[in-house]
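**Q** There's a structure below that I have some questions on.
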Amino acid sequence: MSLYTAHSRYFFSQFIDQTLFIPPGLKSSEGHSVFYMRPSRYFPKQTSTKEIIDNLVYCMQVMVEEEKSCTEGIGFLANMADWHFSNFSVSYCYQFMMMLQGRVPVRVRLFLIVNPPSWFGKIWKIMRPMLSDDFAKKVHVIQGSALPEFMEDGFESYLPDDMETGKVDADAIVSDFIAYRKFVEVKD
C-alpha cells in the first residue's frame with residue numbers, strides 16, 4: 001500500500017494529527033520496533049473505522065520493511081493521555097484488536113496501554129473478550145513511570161515529546177516520516 005494510493009489524504013491527516021505513527025529508533029526491551037498511537041486524536045464520528053484500520057495496516061507494512069520486525073514482530077504503545085469516550089467505538093476497538101492480533105502483516109509482541117483514565121476498566125471489560133488468551137498476555141495497562149520495564153534503555157530519546165519523558169519532537173518525527181515515505185514510494 002502506498003502513501004499515494006488508497007486513501008492517502010486520510011493517512012496524511014492521521015499522521016499530521018499524530019494519531020498513529022512510527023517513531024524511528026523506539027524499541028521494546030526485547031529490541032522490537034514500537035509504533036505509537038495517541039487514541040485521543042481519533043474521533044469515530046469524524047474518521048471512519050476503515051480509515052484508521054487502513055492507516056494501522058500501512059504502518060505495520062512499513063515496519064516489516066525492517067528484517068527484525070518482519071521475522072520477530074513489533075510492539076505497540078498507546079498513549080492514553082486526554083482520552084475520552086468520544087474517542088471510542090466498539091466497532092473501531094474490535095477491528096483494531098483483530099488487526100493487532102493477526103499475524104499479517106506482522107506479529108505484535110507487546111501492546112502497552114499507557115496512562116489510561118481512571119474509568120478505563122469499563123472499556124477493558126469490553127476489550128478483553130475481543131482478545132485471544134495468547135494476545136491478552138502481551139497487553140500491559142501501565143502508568144508512564146513503568147515504561148522503563150518494557151522499553152529499551154535510552155528509549156526516552158526516541159519517545160515523542162507528547163509523553164512526559166519523551167525527548168523527540170513529534171512534529172519532526174511525522175514530517176520526516178512523510179518526506180521519507182514520499183521519497184521511497186515515488187521511486188517505486
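**Q** Using a Förster distance of 30 angstrom, determine the FRET efficiency expected from the C-beta separation of residue 171 and residue 135, and round it to 0.05. All intermediate terms of the calculation are to be shown ahead of the outcome.
**A** Values: r = 32 Å, r/R0 = 1.08.
Given R0 = 30 Å and the Cβ-Cβ separation, E is 0.40.
**Q** Also: Could you work out the mean projected area of the convex hull around the alpha carbons of region 9-89, in square nanometres to one decimal?
**A** For region 9-89, the mean projected area of the Cα convex hull comes to 5.6 nm².
**Q** Using the Karplus equation 6.51 cos²θ - 1.76 cosθ + 1.60 (θ = phi - 60°), what ³J(HN,Hα) coupling, rounded to whole Hz, does each residue of region 48-53 give in order, writing x for Gly and Pro?
**A** The phi angles translate into 5, 4, 4, 5, 5, 5 Hz.
**Q** Out of the total accessible area of region 41-188 (probe 1.4 Å, heavy atoms of protein only), what percent is carbon and sulfur?
**A** 52 percent
**Q** Taking R0 as 35 Å, what's the FRET efficiency between residue 143 and residue 184 from their Cβ-Cβ distance, rounded to 0.05?
**A** Values: r = 37 Å, r/R0 = 1.04.
After rounding, the FRET efficiency stands at 0.45.
**Q** Can you tell me the dipole magnitude for region 43-175 around its Cα centre, using point charges on the Cβ only (Lys, Arg +1; Asp, Glu -1), in Debye to the nearest 20? Show your work: numbers first, answer last.
**A** On the way: 12 positive and 18 negative charges, 179 e Å.
The calculated dipole for region 43-175 is roughly 860 debye.
**Q** With every protein chain left in place, what is the accessible area per residue of the chain in square angstrom, probe 1.4 Å? Before the final figure, lay out each step's value.
**A** Working: 9130 Å² over 188 residues.
Value for the chain: 49 Å² per residue.
**Q** Also, quick follow-up: Evaluate the Debye formula for the chain with equal point scatterers sitting on the alpha carbons, no solvent, and hand back log10 of I(q)/I(0) at q = 0.09, 0.12 Å⁻¹, in q order, two decimals.
**A** -0.29, -0.53
**Q** Mean separation of Cα pairs under 8 Å and 6+ residues apart, divided by the residue count of the chain: what relative contact order is that in percent? Could you put the intermediate results ahead of the total?
**A** Numbers: 282 pairs, mean separation 47.4, N = 188.
RCO, the chain: 25 percent.
**Q** Hey, another quick one. Explain nothing, just compute: Karplus ³J(HN,Hα) = 6.51 cos²θ - 1.76 cosθ + 1.60, θ = phi - 60°, for every residue of region 59-70 in order, whole Hz, x for Gly and Pro.
**A** Whole-Hz 3J(HN,Hα) from phi for region 59-70: 4, 5, 5, 4, 5, 6, 5, 8, 4, 4, 4, 5.
**Q** Mean residue ellipticity at 222 nm from the helices of the chain, using -39,500 (n - 2.57) per DSSP H segment of n ≥ 4 over the full residue count, to the nearest 500 deg cm²/dmol?
**A** Numbers: 8 runs with 76 residues, N = 188.
Calculated from helices alone, the mean residue ellipticity at 222 nm is -11500 deg cm²/dmol.
**Q** Let me ask you something else. Would you please give the residues with an amide H less than 5 Å from that of residue 158, counting only those at least 5 places away or on a separate chain, with H modeled from the backbone geometry?
**A** Result for residue 158 returns 167.
**Q** How far is it, in nm, from the label point at residue 71 to the one at residue 124 when both lie 7 Å from their Cα along the line to the Cβ?
**A** 3.6 nm
The values are calculated or read from the model by the stated rules, or taken from the named source; none is laboratory data. These numbers come from a predicted model, not from an experiment. Note: ideal-geometry Cβ built from the backbone for every residue, glycine included; neighbour counts use all protein chains shown. The area values use the complete protein model at the heavy-atom level, side chains included, leaving out ligands, DNA and RNA. Shrake-Rupley method; radii C 1.70, N 1.55, O 1.52, S 1.80 Å.
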